[in-house]
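The values are calculated or read from the model by the stated rules, or taken from the named source; none is laboratory data. None of these values were measured; they are calculated from a predicted model. Positions of Cβ are backbone-derived with ideal geometry, glycine not excepted, and every protein chain shown enters the neighbour counts.
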Amino acid sequence: MIWTLALAPMLLGLLLYAWPRSADAAAKWFGVAVAGCAFVVTLLSANAPDESVRWLQRPFTANFHAGLGGLSYWLVLLLTLATACALASTRISRQRDFVAQMLVLMGAMTGLFVARDLLVFALFWDLMLIPVFLILVAWTPSKSSASAWRYLIYNLTGGLALLLATAAYGMLEGSTDVLGATLGRGATAIGPAWGEWIFAGFAFAFLVKTPVWPFHTWMPSAYADLPPAAAAVVSAVQSKGGLYGFLVVTAPLMPEQMRAALPLMFVLGLVGLVYGAVVALVQDDAKRVVAYSSLSHLGLILIAIFSGNPLALSGAVVYVLAHGLFSAGLFIVLGQVEQREETRSIARLGGLGARNPRLAGSLTIVALAALGLPGLCGFAGEILILTGLYQTGAVWVAGIALVPIIVAAAYMLRLFQGIMQGPEVEDLPERADASFLELLAIAPLVLAIVLLGVNPGPVLAARSLAPAQLSAVEVQR
């Protein structure tokens, strides 16, 4: 059942190419149905037993081992929900081909999150690059493939580092079937020298994927050039692959190396946190505002993960999901604006709220969640992270982190006001307000934003693949 969640969408996506091109509308709703069914199946599979099939025995043991528990359960729920909402809202040329690639992407990312073998994890890590690259090549508005190649080169380099680190770990430990296994089994057996190199390989791959400054330069152009539906899923879920890796790979397996890397990661996280917020504040392209705001938010999560504080780690997990929800919502709503007004320039937009109250209402909720309004999902994660950082004695880190969080209110309000309020732009085409189907596409994300903000408790119980192990890491720290 668990592997079916990963393999079925990929197979159905490939089979979609057999549909006639004239059936674009049907292909769209087929994709929504597949993602929706995957969401329901995942929701009902919280206690599903692990699945494992023998794969390699030499030069080390590797298995097709899958599990759906802890953080991976919530990330697969986020992935399937975001994909269903994004596909329901999309209007794009060659829709059949686009939906096919999105289903392949959903399946590959599901495989990443359910994999319990490091080698399988690394294979899905590289596999999920292919559909995003093909979408960038085929649907980039500028007809230039520069952003596609930049995305591929950066992430493929990170994937190679991950694969080499995985192979080295397997050769030294004798097995890569270790996710969710014994705490710290690689920390002492591998030794300091090899442990540092292997950790460096893992960390490089995770930092590029997240992305974290200064490995972020592929991200703004990719997010801007991706169709809104694809940008919603990549920003909401694929970017979490690196943070998920730190939580479930390096934290349990290499706690000593995690501790040693803390000063560097604090610096990278803080620079990205401040830099992303400042650049988002001056962007004119609405999608780039969201892209740089993501750089800032993800930097905060990185700091929380490496702090080792239980409260900050809990906040990091909540904020991983919170960022996924409001980031997907922002890209979907901004995509609806772009489809109507044929521009993403904030300077060329204005006064849309008077003619599009339903669209303005959707943007209001997701923007308020992104700026951390109490009662919505963004606030719950932020307050836990800041409190945890204060408890560790890193008051200066918490103080610096607080500034970009305040700046987030400025760039999100600027985004909303620039599009929905202010003087109307005369040459904007007249368009109907958000339709019932467009509201229906964003409604599940809005509901999840409110539910997670009001009651983050169920997520707090799933801080890792095996919560007891992560607690042990915290005690050691």
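Of the residues contained in the range 300-308, one or more are found to be hydroxyl-bearing (S, T, Y), outside the structural domain of A200 (by TED's automatic domain parsing), part of a helix (DSSP H, G or I) and over 25 Å from L415 (Cβ atoms).
Residues in the range 1-56 that are more than 23 Å from the chain's Cα centre (by Cα) and among the basic types (K, R) were compared, and the one that is modelled with the highest pLDDT is R54. Do you know which residues across the range 373-413 are at positive phi and modelled with pLDDT of 85 or more? Once the filter is applied, which keeps residues that are at positive phi and modelled with pLDDT of 85 or more, the range 373-413 yields only G375. A86 meets all of the listed conditions (1) surrounded by fewer than 24 Cβ atoms within 10 Å (Cβ to Cβ); (2) small (G, A, S); (3) closer than 22 Å to Q339 by Cβ but one, namely (1).
When residues of the range 355-371 are filtered for being of a type in the set (G, A, S) and crowded, with 23+ Cβ neighbours inside 10 Å, how many remain? Full working, then the answer.
First pass over the range 355-371, keeping only residues of a type in the set (G, A, S): 360-362, 367, 369-370.
Retained after the next criterion (residues that are crowded, with 23+ Cβ neighbours inside 10 Å): 362, 367, 369-370.
Going through the range 355-371 one residue at a time, the tally reaches 4.
One residue stands out among those in the range 432-473 that are crowded, with 18+ Cβ neighbours inside 10 Å and of a type outside the set (A, V, I, L, M): the one that is modelled with the lowest pLDDT, which is Q469.
None of F379, F416 is in a helix (DSSP H, G or I), among the aromatic types (F, W, Y), closer than 30 Å to L262 by Cα and in the same structural domain as M265 (by TED's automatic domain parsing) except F379.
For the range 5-21, a residue qualifies if it is surrounded by 16 or more Cβ atoms within 10 Å (Cβ to Cβ) and either in contact with a His (Cβ under 8 Å, 6 or more places away or on another chain) or part of a helix (DSSP H, G or I) (or both), and the qualifying residues are L5, A6, A8, P9, M10, L12, G13, L16.
When the range 237-285 is filtered for residues that are free of Cβ contacts under 8 Å to residues at least 12 places away in the same chain and of a type in the set (A, V, I, L, M, F, W, C), the ones remaining, listed by number, are L264, V267, V282. Quick one: is L313 surrounded by fewer than 24 Cβ atoms within 10 Å (Cβ to Cβ), assigned by TED's automatic domain parsing to the domain that holds G372, of a type outside the set (K, R) and within 21 Å of the chain's Cα centre (by Cα)? So L313 does not fit the description; no. If only residues of the range 90-118 that are within 19 Å of the chain's Cα centre (by Cα) and small (G, A, S) are counted, the one that is farthest from P20 (Cα to Cα) is A115.
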